[in-house]
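Here is the structure we will look at.
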Amino acid sequence: MAEDDDRHDSNVRPFVPRKGDDGTAADLDDADFAELDDLFDLDEDEFLAEWEEAEGGAVELLREALPELVRAAPPHDELHDAAERIRAGIAARRPPYSYIPGGAGWSAKPPADDRELWIAASGSLIAGFGEIPMSVQRQSTIMALQHGDWAGAVIGLVRAGVGAPAEPADLVEYADECPEIEGKADPDDVEVIEEGFTYLLELWEATGAIDEHGRLSELGRWGLPRALAWAWNGDFDAEEDPRPPA
């Protein structure tokens, strides 16, 4: 694997390239460091605008990659049963259900609508909209994953179909092989990426996106692209991203 194929350097929207164009480590001079200083000096509004643009691009990528699922109907019985389990788990404050309200940003009761509940619950750890009763180490590992890791893993898993394996190593491979995502995971990053996926898979099994055998369910095939888009403040079923351009 060439060095310049690092997915964490050439993601859905790269911020700071770490390699030279010829695949070798770039030699940074004073001008380069000044450019990096400028990046870290971005004001909050500018940073948020950059981040929203990255999220919008990632949501659009999901829709373009999986057009057959846009506005598709959910598996209603499976969705209702999963929603009831989620509500019961939240009420009992059992992990990983106890992570959902904070991550989803719910200040009151969970939504009454099964569809809304399920999508937000499954996207909650990626979104991180509020305080989550999870160790800082676990949260930081999840946050280390980038748009390309999530999008590539979900696109690849959904394309593999219901019953496809969904272990952490499988998700890394799906992302590596996803044609819409530039580059592959750096070998030095794989352990951290797999660890982040491990924590998410615990939640996705609890919400029914992944079955007890570690394989994609029909509900997961329908819902994971929507959960990912929701976590990025988008709507998988919208024809266009409703957010105004930055």
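Observations, loosely collected:
- Output for region 98-118, where each listed residue is aromatic (Phe, Trp, Tyr) and assigned to a helix (DSSP H, G or I): 99, 118
- Subset of region 87-100 that is open to solvent by 80 Å² or more (accessible area, probe 1.4 Å) and more than 22 Å from the chain's Cα centre (by Cα) - its residue that is farthest from residue 139 (Cα to Cα): 91
- The single residue among 153, 92, 144, 121 that is in contact with a Phe, Trp or Tyr (Cβ under 7 Å, 6 or more places away or on another chain) and small (Gly, Ala, Ser) turns out to be 153.
- Test: residue 162 is free of Cβ contacts under 8 Å to residues at least 40 places away in the same chain and of a type in the set (Val, Ile, Thr): no
Per-residue answers, yes or no, for (1) over 29 Å from residue 140 (Cβ atoms); (2) at pLDDT below 95; (3) open to solvent by 50 Å² or more (accessible area, probe 1.4 Å):
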residue: 45; (1), (2), (3): no, yes, yes
residue: 50; (1), (2), (3): no, yes, yes
residue: 53; (1), (2), (3): no, yes, yes
residue: 58; (1), (2), (3): no, yes, no
residue: 65; (1), (2), (3): no, no, no
residue: 78; (1), (2), (3): yes, no, yes
residue: 85; (1), (2), (3): no, no, yes
residue: 102; (1), (2), (3): no, no, no
residue: 108; (1), (2), (3): no, yes, yes
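- Hits in region 177-197 - residues which are open to solvent by 50 Å² or more (accessible area, probe 1.4 Å) and outside any loop (DSSP other than H, G, I, E, B): 177, 184, 191, 192, 194, 195
- Annotation note: Cβ proximity below 9 Å between a residue of region 48-74 that is over 18 Å from residue 145 (Cα atoms) and a residue that is surrounded by 14 or more Cβ atoms within 10 Å (Cβ to Cβ) and among the small types (Gly, Ala, Ser) (sequence gap 6+ or interchain) occurs for 60/234; 63/229; 63/234; 63/238; 65/151; 70/238; 74/223.
- Residue-level analysis places residue 172 outside the set of residues that are of a type in the set (A, V, I, L, M) and open to solvent by 40 Å² or more (accessible area, probe 1.4 Å).
- When 157, 125, 145 are checked against the criterion of being modelled with pLDDT under 95 and either open to solvent by 50 Å² or more (accessible area, probe 1.4 Å) or farther than 19 Å from residue 84 by Cα (or both), a single residue qualifies: 145.
The values are calculated or read from the model by the stated rules, or taken from the named source; none is laboratory data. Keep in mind that this is a model prediction, so the values were computed, not measured. FYI the Cβ positions are ideal-geometry reconstructions off the backbone, even for glycines, and counts take in every protein chain you see. Areas reflect the complete protein model, heavy atoms only, side chains present, ligands, DNA and RNA absent. Shrake-Rupley method; radii C 1.70, N 1.55, O 1.52, S 1.80 Å.
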